[in-house]
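The values are calculated or read from the model by the stated rules, or taken from the named source; none is laboratory data. These figures come from a predicted structure and were not determined experimentally. Here the Cβ is made from the backbone with ideal geometry for all residues, glycine too, and neighbour counts use every protein chain on show. Surface areas here come from the heavy atoms of the whole protein model, side chains and all, with no ligands, DNA or RNA. Shrake-Rupley method; radii C 1.70, N 1.55, O 1.52, S 1.80 Å.
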Amino acid sequence: MDSNALKRLIDPLKRKILLGISRAIVKAVDDEKQVQRMQVGLLDDEVRDSLERFQEYGFTSVPHDEAEAVCVFPGGSRSHGIVIAVEDRRYRLKGLTKGEVAIYTDEGDKIHLKRGHQIEVQTSTLTVNADAAVNVNTPKATFSADVEIKGKLDVVGDITSKAEITDKDGSMSETREIYNEHQHNENGDGGGVTNPPNQQMP
């Protein structure tokens with residue numbers, strides 16, 4: 001077989017290989033179907049609609065337009081492509097250490113699984129919806145800001161406060177002052193006014 005004949009035999013296979021995978025630019029996303037579909041731009045003026053995007057189980061996202069993608073075309077046919085990866089270098093979280101993992105958005109929100117068994121969550125408002133319960137098992141939980149509880153608070157251990165404790169009728173300091181200084185009339189006729197209590201509230 002001469003070289004020209006071999007070239008004629010190999011060229012179709014070569015074209016299929018070259019057309020089988022391609023970089024692309026995301027043009028539009030349809031996230032309403034069971035499998036997310038994308039419109040992507042491939043080569044100059046080549047736009048493909050309704051390409052299925054395969055995502056990892058348990059993870060999903062809707063990338064911005066102009067994000068970069070990798071498309072696979074089984075058999076080299078451009079008529080039926082699959083998007084297998086999407087990257088957006090404009091927003092990618094950088095500076096991670098080897099072994100770390102992060103979920104992030106273009107708005108700066110992130111869940112960062114860091115080295116040393118640490119997880120950092122960064123956002124503006126964090127909402128937890130749990131139908132049955134929220135269990136936090138830790139030796140110590142620290143809140144650096146105010147805490148508002150809209151339901152009942154049941155405490156098994158002691159309550160210690162370095163500041164004032166107040167309920168709807170007043171503060172502990174006001175109650176203590178009233179008790180320590182209170183006086184009342186003795187029972188019966190001719191009774192005088194009692195002295196303040198001998199034992200003061202601390």
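What part of the accessible area of the stretch 43-150, given as a whole %, is carbon or sulfur when the probe is 1.4 angstrom? Reported share for carbon and sulfur atoms: 50 percent. Around the amide H of V47, modelled in the peptide plane, lie the amide H atoms of L42, all under 5 Å away and 5 or more residues distant in sequence or on another chain.
When Rg and Dmax are taken over the Cα atoms of the stretch 1-155, they come to 23.8, 89 Å. For the stretch 106-140, the set of trypsin sites (Lys or Arg not before Pro) satisfying both a DSSP loop assignment and a count of at most 11 other C-beta atoms within 10 Å is given as R115, K140.
Close Lys pairs in the stretch 100-184 (alpha-carbon distance under 25 Å; sequence gap of 8 or more, or different chains): 9.
Using 0.36 nm per residue and subtracting the Cα-Cα separation, the extra length available between R115 and V155 on full extension is 11.0 nm. Subtracting the Cα-Cα distance of E148 and D88 from 0.36 nm times their residue separation leaves 17.7 nm of extension gain. The string of couplings for the stretch 32-47 from the Karplus curve (6.51, -1.76, 1.60, θ = phi - 60°) is 8, 9, 4, 10, 4, 10, 10, 9, 10, x, 9, 6, 3, 6, 9, 10 Hz, one whole number per residue in order, with x for Gly and Pro. Rg/Rh, computed from the Cα trace of the stretch 51-107 with Rh as the Kirkwood radius, has the value 1.03.
Taking only protein heavy atoms and a 1.4 Å probe, what accessible area per residue, in Å², does the stretch 23-126 have with all protein chains in place?
For the stretch 23-126, the solvent-accessible area averages 72 Å² per residue.
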